[in-house]
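Read the structure below first, then the notes.
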Amino acid sequence: MQVFVTKTFDRWMRKSRLSEERILLTALETFSGLSVVDLGAGLIKKRIAIAGRGKRSAARVIIATRKHGRYFFLHGFHKNERTNLDEHELDYVRRIAKDLLDLTQQELAVAIRAGQIIEVNHGV
């Protein structure tokens, strides 16, 4: 399993004080099929706990995946700020997800070197 965050998600993650360990745990939960909402086109929405808040009142993340392979964390939002993505945002995230999920290993390596994608678990 490879876990990645986009540059934009990484900024949100750090601002929200989410650890890489929490991201990895969320990817493992997703791998196991625990509490995910399928948004179609390789996208899922998942609750994620933030220290001191728990999952119910914490945040939601949008992840692109083709199960059991790569997991790209694309977008995050706090539950108290909004309830969901609107259709325009969802279409945008779907386009990004398609592009990321279609990357070859070489193209992915180029994106990582360019700093656009960050590998969280470094292939572990």
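What follows is calculated from the coordinates using simple rules that are stated; it is not laboratory data. All values derive from a computational prediction rather than experimental measurement. Because the Cβ atoms are built from the backbone with ideal geometry, glycine has one as well, and the counts that use them run over all protein chains shown.
Residue-wise, which Karplus ³J(HN,Hα) couplings in Hz belong to the range 22-30, taking 6.51 cos²θ - 1.76 cosθ + 1.60, θ = phi - 60°, and x for glycine or proline?
The phi angles translate into 5, 5, 4, 4, 5, 4, 5, 4, 5 Hz.
Report the relative contact order of the chain, percent, no decimals, based on alpha-carbon pairs under 8 angstrom and at least 6 residues apart.
Over the chain, the number comes to 36 percent.
Return the calculated 222 nm mean residue ellipticity for the chain, to the nearest 500 deg cm²/dmol, obtained by summing -39500 (n - 2.57) across DSSP H runs with n ≥ 4 and dividing by the residue count. Could the numbers behind the result be given before it?
Details: 4 runs with 45 residues, N = 124.
After summing the helix terms and dividing by the residues of the chain, the value is -11000 deg cm²/dmol.
Using a 10 Å cut-off around each Cβ, can you sort E81, E119 from fewest to most neighbouring Cβ atoms?
Going from sparsest to densest Cβ surroundings: E81, E119.
Collect residues whose amide H, placed 1.01 Å from N in the peptide plane, falls under 5 Å from the amide H of L39; neighbours closer than 5 in sequence don't count.
Excluding prolines and chain starts, which carry no amide H, the hits are I44, K45.
Can you list the residues, at least 5 places off or on another chain, whose amide H is less than 5 Å from the amide H of V120, using H built in the peptide plane?
V3, F4, V5
Once you charge only the Cβ atoms, +1 for Lys and Arg and -1 for Asp and Glu, what is the size of the charge dipole of the chain about its Cα centre, to the nearest 20 debye?
Taking the Cα centre of the chain as origin, the dipole is about 480 debye.
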